[in-house]
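The values are calculated or read from the model by the stated rules, or taken from the named source; none is laboratory data. Given the structure is predicted, the values throughout are model-derived calculations rather than measurements. When we count neighbours, we look across all protein chains shown, and the Cβ atoms used for this are built from the backbone with ideal geometry, even at glycine. What goes into the accessible areas is simple: the full protein's heavy atoms, side chains included, and nothing from ligands, DNA or RNA. Shrake-Rupley method; radii C 1.70, N 1.55, O 1.52, S 1.80 Å.
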Protein chains: 2
Amino acid sequence: MMDEFSKRQKEIISVSIKIIAEKGIQQLTIKNISKSIKISEPAIYRHFDSKMDILIAILSQFKNSSQIISSKIISDNTSSIKQLEFIYNHNFKQFSENPALAAVIFSEEIFQNDKRLSDMVNSIMQVNQNMIIKIIKNGQKKREIRDDIPEKQIGIIIMGALRLLVTRWRLSKYSFSLKQEGDLTFNSIKTLIKK
Amino acid sequence: MMDEFSKRQKEIISVSIKIIAEKGIQQLTIKNISKSIKISEPAIYRHFDSKMDILIAILSQFKNSSQIISSKIISDNTSSIKQLEFIYNHNFKQFSENPALAAVIFSEEIFQNDKRLSDMVNSIMQVNQNMIIKIIKNGQKKREIRDDIPEKQIGIIIMGALRLLVTRWRLSKYSFSLKQEGDLTFNSIKTLIKK
DNA sequence: TATTAGTTAGTGAGTATTAACTAACCACTG
DNA sequence: CAGTGGTTAGTTAATACTCACTAACTAATA
């Protein structure tokens, strides 16, 4: 409820995400933000107290949306494999439509400096991790997923493959179809883990 | 043979790695390097032409060592699974002994700005990836690894899990035993991929 | 005495942020 | 309705700082 950002605030957030996607987080400066919006640098401070508050706003947006998706999936009553497939597809779709998201989510190193930011990044990671592990555990109980491997380990494999794929896609400057490659990877994982 | 670094150069490289490990790559500044060595900032430039040359020196060290390991493993005539296990163990050992390595290797975003650096990071990644895929392909031929899944996909899964584990270990400020957790993960992978 | 490795003092560029001011709008009130 | 005070969102100019890097000098040493 609290994140009723003003029009300008939303604009600042969205151009910030765009800058990160296109030029990396190093280039996210007040100067570059203000240049994009075509207002002066100090004008930014009419809308956010500090640069960090902008970063926090960006991250909190992502946290919200991933929490919403998480609860949506968990409450959905299809097979575990289908749920995992949905997560993969949802991620690929979201990243493809908005490559900036990938750049921000995978910038853990940079946020490490500041505790507030690193806590936020960690908790976003946690939300996804918990969701996947929950699904796997459930799938093992329902005998849809093999149970000779701990759910935590399957979780690492699933998350790891997803992240590596997205990282490669990003570093290659989005040179291949994330959805296409992702489908191949998920099919392989499906073959590996289904009972 | 070309990397016959002087004593001071080696010192600069080693404190740089230390700084990256402890405070992140953002804190790798000429000022911080010189402070650690207890010489003045300009003195650094007696030994390296630029900061980038220091970064390149660091990366080339890692590249060399990973290439050496790669050829060593490939020429070794044990089972594919054992080879993969060796890679996992080698990585965990190297990272545990020198956490800076993890910080450097996984800082792709930061090196993206500069072409020379990003090429270097990419090629280090490539060396490992090629090695793993080669081993898997061979293992499938020797009927040690299941061949109902493309070698490339198994490669993504193996690399992805390794990277995710290291990333988590690093972000948790090395709070758990990488070797111990890594063994668990590799055992699970072994169960999944062996024929 | 020539070279090496250090020093002090500085440059210029870039950073986030603040100070001081202003134009436009908006709600009261005489 | 005209004028007053207050708020909002912008401006220009400046501050204080950090960054990589350089010029000029110096002590030690081979």
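Whether a residue is closer than 28 Å to B:Gln27 by Cα and open to solvent by 20 Å² or more (accessible area, probe 1.4 Å) was assessed, and A:Lys63 passes this test. The residue pairs whose first member lies in region A:27-55 and is closer than 23 Å to A:Ser107 by Cβ, whose second member is within 7 Å of DNA strand D (Cβ to nearest atom) and outside any helix (DSSP H, G or I), and whose beta carbons are closer than 8 Å, counting only pairs six or more residues apart or on different chains, are A:Ser34/A:Ser40; A:His47/A:Ser6.
Going by what's in this entry, would B:Lys179 be described as more than 10 Å from every other protein chain (Cβ to nearest Cβ) and either within 16 Å of the chain's Cα centre (by Cα) or without any contact (Cβ under 8 Å) to a residue 12 or more places away in the chain (or both)? Yes, satisfied. At least 1 residues being within 13 Å of DNA strand D (Cβ to nearest atom) is the threshold, and among the helices (runs of 4 or more DSSP H) wholly inside region B:1-104 those reaching it are B:7-23, B:30-37, B:41-44, B:51-75. Taken over region A:108-119, residues that are in contact (Cβ under 8 Å) with a residue 12 or more places away in the chain and crowded, with 19+ Cβ neighbours inside 10 Å amount to 4. The condition (being under 16 Å from the mean Cα position of the chain (by Cα), away from chain B (no Cβ under 14 Å) and among the hydrophobic types (A, V, I, L, M, F, W, C)) is satisfied by just one residue among A:Ile68, A:Ile74: A:Ile68. One residue alone among A:Lys142, A:Lys194 is more than 7 Å from chain B (Cβ to nearest Cβ), out of contact with any strand residue (DSSP E or B) (no Cβ under 8 Å at 6 or more places or on another chain) and open to solvent by 10 Å² or more (accessible area, probe 1.4 Å), and that residue is A:Lys142.
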